[in-house]
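Worksheet: the structure to be examined is printed underneath.
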Amino acid sequence: MAVPPSDNSKMMTNKPADAGRESAIDIRFGQVGLVQVRIRTTDPGAILDELTGRIATAPRFFERTAVCLDLSGLEKSPDVAEVRGVIDAVRRAGMLSIGLTTGSLGVEALSGALQLPVLSHFRAQRESVPTVQEAPQPQPPQPSESAGLPALLHQQTVRSGQRVYARSRDLVVTATVSAGAEVIADGCVHIYGALRGRAMAGAREDTTARVFCQEFHAELVSIAGVFRVFETIPPELAGKPVQAWLDGEKLNFSRIGG
Amino acid sequence: MTEIIVVTSGKGGVGKTTTSASISCGLARRGKKVAVIDFDIGLRNLDLIMGCERRVVYDFVNVIQGDCTLKQALIKDKRIETLYVLAASQTRDKDALSPEGVRRVLDELTAEGFDYIICDSPAGIEKGAHLAMYFADRAVVVVNPEVSSVRDSDRILGLLASKTQRAEQGNGGVKEHLLLTRYSPRRVATGEMMSVTDVKEILGLDVIGVVPESADVLSASNAGIPVILNEESDASRAYDDAVSRLLGESLPLRFVDEPKKGFFARMFGG
């Protein structure tokens with residue numbers, strides 16, 4: 001999904017650290033990777049067959065995995081009974097349906113009838129769904145819209161173990177990002193200091209996002225989920241101002257200014 | 001006004017307790033009223049370094065749990081009039097510390113008119129270390145010139161910037177200082193050890209002291225005399241400089257370069 005292999009389950013937690021007593025609950029905003037199953041038929045038998053076949057390749061990985069059903073690949077919008085059949089097939093394959101993705105006609109009605117939440121797609125909506133326009137729903141900001149939000153400015157050193165996330169916008173760090181620290185943005189990441197930790201741009205798969213830094217010593221750089229780990233830093237980049245961008249599936253790095 | 005200074009590092013064995021002992025002696029020698037508290041519950045060491053281990057009757061946990069008064073638990077140093085030690089408990093574990101209890105003890109010390117409270121943090125980032133730093137106004141981060149110590153210090157600096165009372169209240173945060181210990185100019189020159197400049201650059205902080213690697217530190221610890229009191233030692237002078245800098249003086253760093261050999265030493269081998 002969008003973010004490389006590190007633990008991305010708590011992108012940004014803003015828990016008021018209370019040295020005193022523990023509160024009964026913590027409400028936290030978190031982003032988790034989610035398996036999405038896009039179905040092209042509502043035939044439970046066909047779905048179960050295919051899922052079982054796929055799962056056989058990595059059985060433990062899919063065991064009780066939460067999945068989100070994407071109905072946008074269907075010819076016509078399914079009725080409640082059909083979707084129930086699909087959910088049952090998915091469950092028999094060992095996975096648990098926890099929601100429906102947006103972007104298909106009648107999904108709100110299905111959501112109500114099935115008591116399943118509608119989860120918004122991070123990825124740009126697919127063009128193959130003509131019904132999208134007819135069902136205007138709140139959609140996540142598209143990459144191009146993110147330019148409207150001012151960048152998140154972070155002026156302190158990002159220390160080992162810390163994580164800074166700029167949601168739906170660029171991130172500007174005017175200090176160093178230490179080894180073991182992570183800076184993440186849905187837009188571009190700009191670091192006017194040394195980058196010794198991890199930088200992830202386009203966390204919601206904006207492939208045009210870039211990473212810029214003043215002094216390159218990165219552990220990992222990722223753009224829209226395509227990442228590269230630096231066990232050793234190429235000598236032509238080490239300590240230099242560097243930018244990274246995505247060209248198709250290839251992550252490119254070059255020095256800035258000669 | 002009382003200032004609470006935590007001596008911390010993340011990594012173990014870098015010299016936190018040695019530093020706590022020497023800094024508190026250095027401050028007390030300048031006439032400040034100083035209490036030094038061992039937060040390493042269950043692994044008490046500070047009393048050994050301070051040479052008062054046979055006078056520990058009550059400890060920090062006893063005060064927190066109300067078994068005794070603070071006055072009963074504070075051990076007055078025999079060498080310096082204005083220095084007091086609050087030992088850790090050897091028989092309890094870190095769960096005996098509570099935030100309210102620690103706050104109460106610190107408040108009481110403040111009310112007693114102490115100028116400085118030095119909190120000697122345990123290694124790690126668990127409860128003991130957290131409580132040692134939570135109420136601090138300033139932090140002395142002890143770091144050895146090697147990569148794992150630097151990494152751990154970076155982590156600690158991150159916690160100081162987020163998990164302390166000052167950070168939470170947003171009133172300027174904890175003022176951070178870097179203290180390098182076990183520094184060997186010779187090994188830096190041969191590239192075996194990170195230099196002051198390297199460490200400063202990675203951690204992005206100013207250095208308030210560089211304590212050279214010295215056999216005097218070990219012998220002072222074993223004798224129960226904080227190394228700062230051994231006037232013959234380079235380590236003592238380095239710690240004394242660090243205390244001056246803590247108090248706002250600006251002094252050039254000493255003991256960071258390999259001593260230059262004189263003509264005769266060069267001629268005849270030194």
Legend entry - Descending principal axes extents, the protein assembly as shown, alpha-carbon based, whole Å: 89, 64, 43
Inset, instruction - Leaving ligands, DNA and RNA out of it, report the carbon-plus-sulfur percent of the accessible area of the protein assembly as shown at a 1.4 Å probe. - result: 51 percent
Legend entry - Along chain B, longest interval not containing exposed GluC sites (Glu not before Pro), exposed being DSSP loop plus at most 13 other Cβ atoms within 10 Å: B:1-80
Inset, instruction - Report, to two decimal places, the Cα Rg of the stretch B:23-141 normalised by 2.2 N^0.38 Å (N = number of residues). - result: 0.96
Inset, instruction - Divide by every residue of the protein assembly as shown the summed helix terms, -39500 (n - 2.57) for each DSSP H run of at least 4, and state the resulting mean residue ellipticity at 222 nm, rounded to the nearest 500 deg cm²/dmol. - result: -7500 deg cm²/dmol
Legend entry - Angle between chain B longest axis and helix B:16-29 axis [Cα atoms, degrees, rounded to 10]: 80 degrees
Inset, instruction - For the stretch B:147-165, list whatever residues lose no less than 30 Å² of accessible surface once every protein chain is in place, relative to that chain by itself, with the probe at 1.4 Å. - result: B:151, B:154, B:155, B:158
Inset, instruction - Over the residues of the stretch A:131-255, compute the C-alpha Rg and express it relative to 2.2 N^0.38 Å. - result: 1.08
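Hand me the GluC sites (Glu not before Pro) from the stretch A:193-258 located in a DSSP loop with no more than 15 other Cβ atoms within 10 Å, in residue order please.
A:231, A:236, A:249
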Inset, instruction - Would you mind listing how long the stretch A:35-121 runs along its three principal axes, going by Cα atoms, in whole Å with the largest first? - result: 34, 22, 18
Legend entry - Spatial extent of chain B: Rg and Dmax, with the Cα atoms as the point set, Å: 18.4, 67
Inset, instruction - Could I have the simple spin-label model distance between residue A:98 and residue A:252, label points 7 Å from Cα toward Cβ, reported in nm to one decimal? - result: 3.8 nm
Legend entry - Relative contact order (%) - the stretch A:154-245, alpha-carbon pairs under 8 angstrom, separation at least six: 21 percent
Inset, instruction - Mind grabbing the interface size between A and B? I mean buried accessible area, both sides, 1.4 Å probe, in Å² to the nearest hundred. - result: 1200 Å²
Legend entry - Largest-first ordering by accessible area, 1.4 Å probe, given options A:111, B:148: B:148, A:111
Legend entry - Accessible area of the protein assembly as shown divided out per residue, in Å², using a probe of 1.4 angstrom: 48 Å²
Inset, instruction - Sequence neighbours fewer than 8 away in the same chain don't count; with that in mind, list the aspartates and glutamates whose C-alpha is under 12 Å from residue B:94. - result: B:38, B:40, B:126
Inset, instruction - State, as an integer percentage, the relative contact order of chain B based on alpha-carbon contacts under 8 Å between residues 6 or more apart. - result: 24 percent
Legend entry - Sequence-separation-based contact order of the stretch A:35-121, relative, with Cα cut under 8 Å and 6+ spacing, percent: 33 percent
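The values are calculated or read from the model by the stated rules, or taken from the named source; none is laboratory data. Just so you know, these numbers come straight off a predicted model, no measurement behind them. Neighbour counts run over all protein chains shown; Cβ positions are idealised from the backbone, glycine included. Note: accessible area is taken over every heavy atom of the protein model, side chains too, but ligands, DNA and RNA are not part of it. Shrake-Rupley method; radii C 1.70, N 1.55, O 1.52, S 1.80 Å.
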